[in-house]
Each structure stands twice: as C-alpha cells, then as structure tokens.
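Here the structure comes first, spelled out in structure tokens, and everything after it is commentary.
The values are calculated or read from the model by the stated rules, or taken from the named source; none is laboratory data. Just so it is clear, the model here is predicted, and its values are computed rather than measured. Every residue, glycine as well, gets a Cβ built from its backbone with ideal geometry; the counts of neighbours run over all protein chains shown. Accessible surface areas use protein heavy atoms only, side chains included; no ligands, DNA or RNA. Shrake-Rupley method; radii C 1.70, N 1.55, O 1.52, S 1.80 Å.
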Amino acid sequence: MGNAEEERALREQRLGPVVRRRHQMRPETTDQRLLDTQGATHWVHEDPFRVMRIQSEFVEGFGTLAELGRAISVFGSARTPEGSPEYEAGVRIGRALAEAGFGVITGGGPGAMEAANRGATEAGGVSVGLGIELPYEQGLNPYVDIGVNFRYFFVRKTMFVKYAQGFVVLPGGLGTLDECFEALTLVQTKKVTRFPIVLFGSAYWKGLVDWLTNTLIAEGKASPQDLELFHLTDDIDEVIDLVTKESGP
C-alpha cells in the first residue's frame, strides 16, 4: 500500500452507511455511543422518542393481528357484572360469532369484554384482547388467547377498525360511546369501507336513538340517512345475520 492509500485509509471512517473523512471523523463508535450509560436522560420523555414508541406499537399490533382472519370487534362496559343478563348476552354473542367463523376482538378487560371473549373461547374460536394503559390497572381477562397492550388509545383504535369486519356494541359507558361514534364517523365519511355496526339492547340504546332522530337530525346536524349507518336489535341471531351479510365473505 502506497503512502497516498495509507493516508486515505487513516482518514476515512465508516459509520454504517455514513462515510466520514479527515476532520469530520469521530473518536467513538456507534456501538460505544449506544452502550454508554452516561449522559442526559430527558430525551426519553420528548416527542421524537414518543414517535418511536408509537411506531413500535403499530408494528407490534400489525404483526400480531395480520393473520387473524375474519373478526368482529365487540364493545361494552367493563362494569357489567358477571351473571347479569347483559353479561350472559355477551357470552352468547361471543359464542355465536365464533361458531359463525369470526374471531372476537374486545378491549380485553372485565365485564362485557370478558363476556364476549369467554363465549368465543368456550366455542373454540379466536379470542383477542386489545388492552390499554390506564391509571387503574385492569389487566387482560382470562379468556383472552391473543393479547396486546397499548400505551396510546389512537393506536389501539386503529387495530379495532383495521382487523374487524364489523362492530357489535353492547351496553356501555363513555369508552363504549367513544368507540361507537368513531366507527359511525369513519363509515359516514367513507374513511373505511362500510361495515356493519350493530347496537345490541334496544331498551338501553333507545334514548340515544331518539336523541339522534329528534335533536341531531331534526336540527340539521346530521342527515336522516345517517340512521342507516347502524342497526338496533335484541336478537342474537339477527346480530350474526347482519355482520355476516354486510361484512361479505
């Protein structure tokens, strides 16, 4: 090796895809910087690092659910007590969905979510729980076969929509209403391909439907055809018929 080649070799540093020469070379290696435990730690609480966490949640969710197959997201209250008529309806709906060839996706918590997961599991179907980090720890219910825990609500909501062919909404609270209206909005604005949204429990949902009709639509805040975005029923067989018919093969 001649003097010119030796000098070039000494003055060139390869750091992954980056080449640095002469005075732009750095004294440390990439691994050294990675493994160095000293230095400021505030960066783990800043937005650029949060972006990486968000990305990792999408990757984990997509990777876990990509081969799920046909599935229905079932929403409902975490406060629904075991043994109540609403809980038993959730079990029957989960079982019927599994027997119809659908996986069942819930928020993975207790109450109505546990009921739907339980019915799916007891019928030998695929039972999925998408948990969320909350100030009070719930954990995934024991009937979840595939569970993913999320930090961010919007990532979790994407999974509910992306991997479901329809929604079944059991009686629930603010979280259930949030998920229900988000689904209605996505279908109304054609952000997603139309899929069935079934509200189960006419006595529970009647007040909401009346408000939509007599206030929201009556005052021109929505169109009469928006009432066609969802179905209201008390019949579990009709739930299965609706999600099967509208979600396609």
- Query: Which values of log₁₀ I(q)/I(0), to two decimal places, follow from the Debye formula for the range 153-249 at q = 0.17, 0.23 Å⁻¹ with a uniform point scatterer at every Cα?
  - Reply: -0.79, -1.39
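For F154 and E99, compute 0.36 nm times the residue count separating them, minus their Cα-Cα distance, and round to one decimal in nm. Mind dumping the intermediate values first?
Values: separation 55, 0.36 × 55 = 19.80 nm, distance 3.02 nm.
This chain segment gains 16.8 nm when fully extended.
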- Item | Estimated vicinal HN-Hα couplings, Hz - the range 172-183 in sequence order (Karplus 6.51, -1.76, 1.60; Gly, Pro = x) | x, x, 4, x, 5, 4, 4, 5, 5, 5, 5, 4
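Write down, largest first, the equivalent ellipsoid semi-axes of the range 67-247 in whole Å, where each equals the square root of 5 times an eigenvalue of the alpha-carbon gyration tensor. Can you show the working numbers first?
Numbers: eigenvalues 121, 60, 55 Å².
Whole-Å semi-axes of the equivalent ellipsoid: 25, 17, 17.
Pop out the carbon and sulfur fraction of the accessible area of the range 67-247 as a percent, whole number, probe 1.4 Å. Don't skip to the answer; put the middle values down first.
Working: 4440 of 8580 Å².
Carbon and sulfur together cover 52 percent of it.
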- Message: Using the basic label-point model (7 angstrom from Cα toward the beta carbon), what is the L174 to S84 distance in nanometres?
- Response: 1.8 nm
- Task: Mind giving me the nanometre distance, one decimal, between the label points for D226 and D145, set 7 Å out from Cα along Cα→Cβ?
- Result: 3.9 nm
- Query: Calculated FRET efficiency, T193 and F49, Cβ-Cβ r, R0 45 Å, to nearest 0.05?
  - Reply: 0.85
- Task: Sort the following peptides by mean Cβ neighbour count (other Cβ atoms within 10 Å, averaged over residues), highest first: 120-129, 175-184, 215-224, 57-66.
- Result: 120-129, 175-184, 57-66, 215-224
- Message: Give the lysines whose C-alpha is closer than 26 Å to that of K191, dropping any in the same chain fewer than 8 places away, or say none.
- Response: K157, K162, K221, K245
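Order 207-213, 47-53, 99-105 from most to least packed using the mean count of other Cβ atoms within 10 Å. The partial results should precede the final answer.
Working: 207-213: 13.1, 47-53: 10.1, 99-105: 22.0.
Averaged packing, sorted descending, gives the order 99-105, 207-213, 47-53.
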- Task: Taking only protein heavy atoms into account and a 1.4 Å probe, give the accessible area per residue of the range 67-247 in Å².
- Result: 47 Å²
